[in-house]
Amino acid sequence: MTNKLKEMDGTASRDVSRRSFLKRSVALAGLASLSAGSVFRPTWSHAAGPIKIGIATDITGPMAAFGNSNWQAAQFTVKLINDAGGILGRPLELHLEDTASDPAKAVVNVQRLIQQNHVDLVIGGILSSTREAIKTPILKRGKTLYIYPEIYEGGDCTPHLYCVGLTPTQQLTNFIPWLIKQGAKRFAMPAADYQWPHVTNKIARQLIEANGGEVIFEEYYPLDQVEYSSTIAKIASEKVDHVFNTIVPPGLQGFTKQLYESGFQKNGGTQSCIYLDENAQNFVPKNALEGIYSVTDFFHTVEDPFSQKLLADYNAMFPGTPYLFAAGTGATGIYRAIKLYEQSVIKTNGDLAMEAVSAVLDSAKISEGPGGPAAIIPGTHHAAMNVYVAQAKGPKWEVISKTDMVPPAAC
């Protein structure tokens, strides 16, 4: 389905909520949106020219807070590599195109990366619908390697496409049983109506029921829905004690605010949203965020010296930015993608052809990264990495547990 904001009939409060979200999205996209279609060039050159990486992400649209975080993470990672001498002496150059939370627009813009800018690699796409739309133009028509950096539903085994974000199996296998041990028994599953929530909820339901919990209801809403009074009422009347939330922006803002105002958390209810991170400040009201659980590959409170150094260096490069270096929005996946690509090109001795790099990327690994190491498990097209469960406590996420190098259940 499309994720453009459309005119909808509804109450005045619904329209006010929508206008409020749009104004906030525009404000957040401000500075970085000026970079759409731009180039992040190295400060030095090589006779063979730069290695070109295309970043295709949502600089505008409902997911702009995610996309601008990803674009900054790409600039940060490339600067680290270029400052260290590039890859085999060649600098990296970034080319940005806006996927705009719109698969049709994304296809047109990604083709520009390949046909006009002649990039050697494309990284990006946020929503699964965007990945599905752009992978054929990249891989088959463009003969260009593609790395998808986001938390997603898993299961995409397309040749020469590598997925370096967490899948639901990695996130939920330990998390759901832990929730039930904490007393969560009656689950509601409000969700955005697209591929990631459907697959994630299927896996979550299996784990809930296998561990003695019960799914009271599972409902899907348009991505741009911002009014949830009937859903909130059902949560209360059905005595739900845990809300497993896979709604995405712009709907997430309205849902979390209305759930909080209903007194759900005050009355002992708990909520999880497994892609939230420090960037949640851009689309979840502060008071509504309190107490929510999330499961990602990195939080700013992870006590790992390398991760903390990355975080400090990123903040020094982008002082005061609202777009933080965080996992749920895909920024850590961007870092992971570029560093795994770096290791692969070193192993091919500089051969940038899709088939050559893909052959070694299939077993590439990095010993350090945000949250810890990462490794592509051969034959899976997906990465093993550390998985953290955390809970929002004021401005920080308090890490509750860590599971080392959780393998992907993919391909």
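Place the peptides 63-72, 45-54, 90-99, 199-208 in order of packing, highest mean first, counting for every residue the other Cβ atoms within 10 Å and averaging per peptide.
63-72, 90-99, 199-208, 45-54
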- [ ] On each of the three principal axes of the Cα atoms of the chain, give max minus min coordinate, whole Å, ordered largest first.
- [x] 68, 42, 39
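Provide the packing ranking of 161-172, 239-250, i.e. peptides ordered by the mean count of other C-beta atoms within 10 Å per residue, highest first.
Numbers: 161-172: 25.6, 239-250: 23.4.
Sorting 161-172, 239-250 by mean packing, highest first, produces 161-172, 239-250.
Before rounding to the nearest 500, sum -39500 (n - 2.57) across all DSSP H runs of length at least 4 in the chain and divide by the residue total; then give [θ] at 222 nm in deg cm²/dmol.
On the way: 12 runs with 156 residues, N = 411.
That comes out to -12000 deg cm²/dmol.
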Task: Normalised per residue, the volume of the convex hull around the Cα set of segment 269-357 (Å³) - done: 133 Å³
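What full-extension length gain, to one decimal in nm, is calculated for A47 and E132 as 0.36 nm per residue of separation minus the Cα-Cα distance?
Numbers: separation 85, 0.36 × 85 = 30.60 nm, distance 3.64 nm.
Taking 0.36 nm per residue and subtracting the Cα distance, the gain is 27.0 nm.
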TODO: Measure nothing but the geometry: give the 0 to 90° angle between the long axis through the Cα atoms of 168-181 and the longest principal axis through the Cα atoms of the chain, rounded to 10°.
DONE: 30 degrees
Task: Heavy-atom surface of the chain, accessible at 1.4 Å and reported per residue (Å²) - done: 38 Å²
Task: DSSP-assigned coil residues among GluC sites (Glu not before Pro) in segment 197-266, each with at most 16 further Cβ atoms within 10 Å - done: E238
- [ ] Go through K135/K339; K52/K79; K239/K402 and tell me which ones have a Cα-Cα distance over 23 Å in this structure.
- [x] K239/K402
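Could you check how much of the accessible area of the chain is carbon and sulfur, as a whole percent, using a 1.4 Å probe?
On the way: 8210 of 15590 Å².
Of all accessible area on the chain, carbon and sulfur atoms account for 53 percent.
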- [ ] Working from Cα positions, state the angle (0 to 90°, nearest 10) between the long axis of helix 251-261 and the longest principal axis of the chain.
- [x] 30 degrees
Open item on the list: Taking R0 as 60 Å, what FRET efficiency do you get between K234 and L88 from their Cβ-Cβ distance, rounded to the nearest 0.05?
Closed with: 0.55
- [ ] Inverting the mean 1/r over all pairs of different Cα atoms, compute the Kirkwood radius of segment 41-165 and quote it in Å.
- [x] 14.6 Å
- [ ] Give the angle, between 0 and 90 degrees and rounded to the nearest 10, that separates the Cα long axis of helix 195-210 from the longest principal axis of the Cα atoms of the chain.
- [x] 60 degrees
- [ ] Run the numbers on the chain and let me know its relative contact order in percent, using alpha-carbon pairs under 8 Å that are six or more apart.
- [x] 16 percent
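Could you sort 181-192, 263-274, 348-359, 331-342 so that the peptide with the highest average Cβ count within 10 Å comes first and the rest follow in order?
On the way: 181-192: 19.2, 263-274: 17.7, 348-359: 15.7, 331-342: 27.6.
In decreasing order of mean packing, 181-192, 263-274, 348-359, 331-342 become 331-342, 181-192, 263-274, 348-359.
The values are calculated or read from the model by the stated rules, or taken from the named source; none is laboratory data. Predicted model only: the values in this text are computed from it and were never measured. Note: ideal-geometry Cβ built from the backbone for every residue, glycine included; neighbour counts use all protein chains shown. Ligands, DNA and RNA are excluded from the accessible area calculation, which covers all protein heavy atoms including side chains. Shrake-Rupley method; radii C 1.70, N 1.55, O 1.52, S 1.80 Å.
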